[in-house]
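First the structure, in the form of structure tokens, and then the observations on it.
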Amino acid sequence: MIDPGSFRDPDSQVFYIGERVFRGLSESAASVDAAARDAGLMDRLVASGMLVENWRIDDVEVPAGLPSAAVVESRRIPVISHPAEWSFEMLRDAALSTLDTNLAAMDDGFVLKDASSFNVAFDGAKPVTMDVSSLDRIENHSVWTAYGQFVDHFLAPLMLEAYAGVPFQPTLSSSVVGMPVQMLDRLLRGSRRYRSGVTTHVRLRSRIERKVDGMPDERRSDVAGVALPAAVIEANIRKMRKLVSKLESSNNGHWEGYEHALPYAEDETAAKKAFIEAATADANIRPLALDVGANEGMFTRLLIDRFERVVAIDSDPGVVGSLYRMLEGTERDGVTPLVVDIVNQSPAFGLFGRERPSFASRVRPDFSMWLAVVHHLCIGQGVPIGKVVQLIGETSPEAVVEFVDPNDPMVRRISASRPELLDGYDRDVFETHLGLQFTLVNRESVSSTRTLYHVVRCDR
Amino acid sequence: MIEPIIGYLDPGSGATILQLVLAGTVGIGALAKLRWNRIKGALGQDDEPTEPAESAESAPITSTDTGE
């Protein structure tokens with residue numbers, strides 16, 4: 001299968017055979033690739049974790065129409081996420097990783113020819129560049145070619161959140177081009193225009209872009225003919241790195257610190273943990289678990305030893321950032337925190353509506369966990385209880401779900417202004433819907449108003 | 001026909017000019033080679049003063065800021 005999002009670079013295109021990931025290279029890309037390997041650069045970038053493991057391979061048939069002078073295989077990264085699903089810290093780390101890869105490449109006479117945020121994946125909680133054919137010889141580049149793309153994909157959304165306090169995720173949602181800097185220019189007015197980097201990268205750049213729109217072709221070709229020494233390009237990249245590394249989010253999450261403020265009794269938490277451990281005590285390590293409404297990951301961590309990968313989603317970018325920061329050591333290998341609203345998941349978008357696949361098609365968990373989520377979906381979001389159960393069934397073949405009774409203090413609080421939303425919100429109704437789709441493995445009351453269910457879909 | 005100097009990703013004229021500005025003195029030289037007068041219109045007509053945030057680097061902008 002040819003990757004639907006890999007058509008912009010004519011010299012390198014991605015295809016899949018089963019679970020394996022390949023790139024067909026043109027003659028020129030194959031020559032650059034060979035030079036990067038000969039120089040030891042590819043090995044160094046892989047060893048430092050900046051670039052995904054990759055190797056040349058001969059005995060693979062390249063699909064018709066794709067460049068086929070050489071084929072590179074890369075390790076498949078189990079969870080592919082999109083920039084609109086990252087927290088501020090994740091986008092910043094992806095940006096720094098892109099710049100560091102570029103700087104490391106420059107030491108050996110190479111450069112990254114592009115700087116798309118879609119080239120970066122989070123392998124667990126570690127950013128890694130997937131596009132191993134982004135490397136090019138520096139002599140083919142008279143300026144930092146990827147500068148404009150870097151700004152639109154990384155710097156502009158980071159500045160939006162750091163300087164204007166606006167979370168960038170909705171702006172990047174369904175965007176294949178990041179955030180055009182002209183858009184940011186309109187938002188950074190008043191004293192914000194004097195924040196670090198705004199004058200040059202936003203205001204001046206937007207002004208120049210507007211003027212350049214009306215520039216005759218001959219003048220454009222003059223501009224295309226300019227050349228900067230590699231040392232100057234490198235200095236510009238280092239300046240950019242310094243700017244990016246200082247950016248901090250000015251947006252505090254609504255749910256941040258929520259876990260610590262929860263009224264749960266210790267024995268209730270212990271009972272929940274024991275239930276989850278029993279539900280996941282399968283002898284085999286399974287590939288993927290999804291923790292829905294993970295918050296700061298109190299229960300996410302229980303899944304780490306039982307699954308190769310855990311995706312922890314929450315709709316609040318603040319708590320996702322908080323979980324990302326708190327992951328330590330080997331936790332960073334297995335857990336990917338993402339900003340995803342389970343009732344409004346990232347759709348597929350881009351060319352033909354297929355260039356970038358939907359969250360549901362990228363993340364297909366074997367097991368999902370829905371703790372203290374159902375009442376928020378039913379009462380907070382107005383989703384009927386039957387549809388919530390259907391959503392659980394469509395998400396994974398096995399799940400642990402918590403149901404919180406209507407008389408629970410938390411439920412009473414969120415339904416206080418609209419008590420009519422409690423109509424049909426009932427444990428018997430929930431269990432009836434659950435029984436239509438799932439087989440009950442285990443059920444336990446962890447408090448007077450809270451019950452956990454371990455269920456397996458009937459078709460399993 | 002101008003040979004595209006850079007593979008598939010065109011950095012764009014605006015992004016290129018800005019890099020010359022960021023590049024400081026070396027960039028000023030490159031801008032001079034670019035027959036600065038022909039493209040100063042691209043940078044001119046500054047209706048608000050440009051903040052000299054990057055020290056000398058913004059000098060070529062303000063010093064030629066005479067409009068079209």
Original post:
Summing -39500 (n - 2.57) over the DSSP H runs of n ≥ 4 in the protein assembly as shown and dividing by its residue number, what mean residue ellipticity at 222 nm do you reach, to the nearest 500 deg cm²/dmol?
Top reply: -10000 deg cm²/dmol
Original post:
By the gyration tensor of its Cα atoms, with a ≥ b ≥ c the square roots of the eigenvalues, what is the shape of segment A:68-124: rounded for a/c under 1.5, prolate for a/b over b/c, or oblate?
Top reply: oblate
Subject >> Rounded to 10°, Cα long-axis angle of helix A:88-107 versus longest principal axis of chain A >> reply: 30
Original post:
Separation of segment A:155-179 and segment A:218-238 by C-alpha centroid, Å?
Top reply: 27
**OP:** Bin all alpha-carbon pair distances of chain A at 10 Å intervals from 0 and give each bin's fraction as a whole percent.
**Re:** 4, 18, 27, 24, 15, 8, 3, 0
**OP:** Multiply the residue gap between residue A:305 and residue A:34 by 0.36 nm, knock off their C-alpha separation, and tell me the result in nm, one decimal place.
**Re:** 93.7 nm
Original post:
How large, in Å, is segment A:4-86 by the Kirkwood hydrodynamic radius built from its alpha-carbon pairs?
Top reply: 13.7
**OP:** Determine which aspartates and glutamates satisfy two conditions relative to residue A:246: a Cα distance under 12 Å, and not lying fewer than 8 residues away in the same chain.
**Re:** A:89, A:93
Subject >> Charge-dipole axis of segment A:110-192 as Lys and Arg at +1 and Asp and Glu at -1 on Cβ define it, positive-most pick from A:160, A:128, A:179 >> reply: A:160
**OP:** For residue A:51, tell me the accessible area in Å² from a 1.4 Å probe, rounded to the nearest 10.
**Re:** 10
Subject >> Over 24 Å between alpha carbons, listed pairs A:113/A:242; A:113/A:239; A:126/A:272 >> reply: A:126/A:272
Original post:
With every protein chain in place, what's the accessible area of residue A:126 (1.4 Å probe, Å², nearest 10)?
Top reply: 90
Original post:
Largest first, how would A:358, A:68 line up by accessible area (1.4 Å probe)?
Top reply: A:68, A:358
Original post:
Amide H of residue A:120: which non-local residues (sequence gap of 5 or more, or other chain) have their own amide H closer than 5 Å, using H built in the peptide plane?
Top reply: A:130
Subject >> In Å², nearest 10: area of residue A:1 left accessible to a 1.4 Å probe >> reply: 140
**OP:** At a 1.4 Å probe radius, which order do A:426, A:217 fall into by accessible area, largest first?
**Re:** A:217, A:426
Original post:
Given H placed on each backbone N at 1.01 Å, which residues far from residue A:312 in sequence or on other chains put an amide H within less than 5 Å of it?
Top reply: A:291, A:336, A:338
Subject >> Pair residue A:76, residue A:183: separation of 7 Å Cα→Cβ label points (nm) >> reply: 3.3
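The values are calculated or read from the model by the stated rules, or taken from the named source; none is laboratory data. All of these numbers come straight from a predicted model, not from anything done at the bench. Note that we place each Cβ from the backbone using ideal geometry, even for glycine, and neighbour counts take in every protein chain shown. What goes into the accessible areas is simple: the full protein's heavy atoms, side chains included, and nothing from ligands, DNA or RNA. Shrake-Rupley method; radii C 1.70, N 1.55, O 1.52, S 1.80 Å.
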